[in-house]
Amino acid sequence: MEFVFCTNNEHKIQEVTQIMGSNFVFLKLKDVHFYDEIPEPFDTLSANAAIKANTVFFYCGKNCFAEDTGLFIDALLGEPGVYSARYAGEPVDSSKNIQKVMDKMLGCENRKAFFKTVISLVTQEGEWQFEGICHGSIAKQLSGKDGFGYDPIFIPDGYTQTFAEMDVTLKNNISHRKKAFDHFEYFLKHEYPNFIK
Ligand code: IMP
């Protein structure tokens with residue numbers, strides 16, 4: 001049985017490969033000859049994750065999963081949220097996105113924020129979603145070179161380092177993505193026992 005991970009984001013592919021371990025083998029978009037941009041037109045993570053997985057499912061007919069992630073900052077009333085990727089406009093630029101957050105939060109004492117990931121799974125049998133949240137705070141300056149996206153400014157609760165300063169194994173043990181994929185793995189083990197050994 002084959003499952004396609006519907007993303008063009010190499011960072012996500014690397015993280016999910018490490019989170020799920022070597023017994024979980026999935027196809028990439030190029031393996032099913034899907035080369036288009038996947039749309040993210042909606043204003044919820046859930047709807048965007050669903051359209052990504054459904055778009056590829058209707059294209060290739062294989063079981064598909066996709067994820068959509070956002071950073072939700074209290075003091076910015078939930079921004080950048082579902083618009084995290086294009087917060088500073090097109091083309092997508094993580095440095096500009098971070099700069100926009102830092103500018104808006106200048107002098108802000110409430111630094112609380114959380115990352116949320118929603119995974120959508122689409123198969124012949126149906127459609128399911130799995131969520132993971134990681135609470136933390138927005139640092140007052142950028143630190144670290146690892147990770148991607150907003151990692152240099154996000155400090156998970158219980159730690160003093162940003163995600164970008166952490167060993168990648170630690171990030172992948174506590175992140176929003178890890179929590180969502182734990183639910184996904186539990187579901188697969190029960191519903192598709194041959195898929196994960
Ligand atoms: P999307 O899920 O691909 O739409 O990503 C939304 C935005 O959040 C992009 O700017 C990503 O770089 C960023 N993002 C997604 N996951 C993470 C993460 O684990 N850490 C930091 N930024 C992330």
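The values are calculated or read from the model by the stated rules, or taken from the named source; none is laboratory data. Just so it is clear, the model here is predicted, and its values are computed rather than measured. All Cβ positions, even for glycine, are placed from backbone atoms using ideal geometry, and neighbour counts span all protein chains on display. In case anyone asks, the SASA skips ligands and DNA or RNA and just uses the protein heavy atoms, side chains included. Shrake-Rupley method; radii C 1.70, N 1.55, O 1.52, S 1.80 Å.
Residues that are closer than 30 Å to C108 by Cα, open to solvent by 50 Å² or more (accessible area, probe 1.4 Å) and either β-branched (V, I, T) or touching a residue at least 12 places away in the same chain (Cβ under 8 Å) (or both): does region 20-42 have at least one? Let's see the steps before the verdict.
If we filter region 20-42 for residues that are closer than 30 Å to C108 by Cα, which is where we start, we get 42.
When the remaining residues are screened for being open to solvent by 50 Å² or more (accessible area, probe 1.4 Å), the result is 42.
So of that shortlist, the ones also either β-branched (V, I, T) or touching a residue at least 12 places away in the same chain (Cβ under 8 Å) (or both) come out as 42.
The answer is yes; a qualifying residue exists.
Would you pick out the residues in region 112-141 that are outside any strand (DSSP E or B) and crowded, with 17+ Cβ neighbours inside 10 Å?
Correct list: A139 only.
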For this session: Scan region 45-64 residue by residue and report those that are assigned to a loop (DSSP other than H, G, I, E, B) and either buried (at least 18 other Cβ atoms within 10 Å of the Cβ) or in contact with a strand residue (DSSP E or B) (Cβ under 8 Å, 6 or more places away or on another chain) (or both).
Result: K62
Seminar exercise, completed: Of the conditions (1) open to solvent by 10 Å² or more (accessible area, probe 1.4 Å); (2) assigned to a loop (DSSP other than H, G, I, E, B); (3) within 16 Å of K112 (Cβ to Cβ), the single one that I155 does not satisfy is (2)
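Here is a list: K171, K189. Which entry is in a helix (DSSP H, G or I) and either in contact (Cβ under 8 Å) with a residue 40 or more places away in the chain or open to solvent by less than 10 Å² (accessible area, probe 1.4 Å) (or both)?
Going through K171, K189 in turn, the sole match is K171.
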Exercise. Inside region 26-46, can you point out the residues that are away from the ligand (no atom under 12 Å from the Cβ) and aliphatic (A, V, I, L, M)?
Worked result: L27, L29, V32
For this session: Just give me the residues in region 66-111 being away from the ligand (no atom under 13 Å from the Cβ) and in a loop (DSSP other than H, G, I, E, B), in sequence order.
Result: L77, G78, M105, L106, G107, C108, E109, N110, R111
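From V122, V118, V92, grab the single residue that is within 24 Å of I38 (Cα to Cα) and in contact with a Cys (Cβ under 8 Å, 6 or more places away or on another chain). Outline the logic, then answer.
Numbers: V118 fails: in contact with a Cys (Cβ under 8 Å, 6 or more places away or on another chain); V92 fails: in contact with a Cys (Cβ under 8 Å, 6 or more places away or on another chain).
The match here is V122.
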Seminar exercise, completed: Of the residues in region 58-81, those that are within 11 Å of the chain's Cα centre (by Cα) and not polar (S, T, N, Q) come to A66, E67, D68, G70, L71
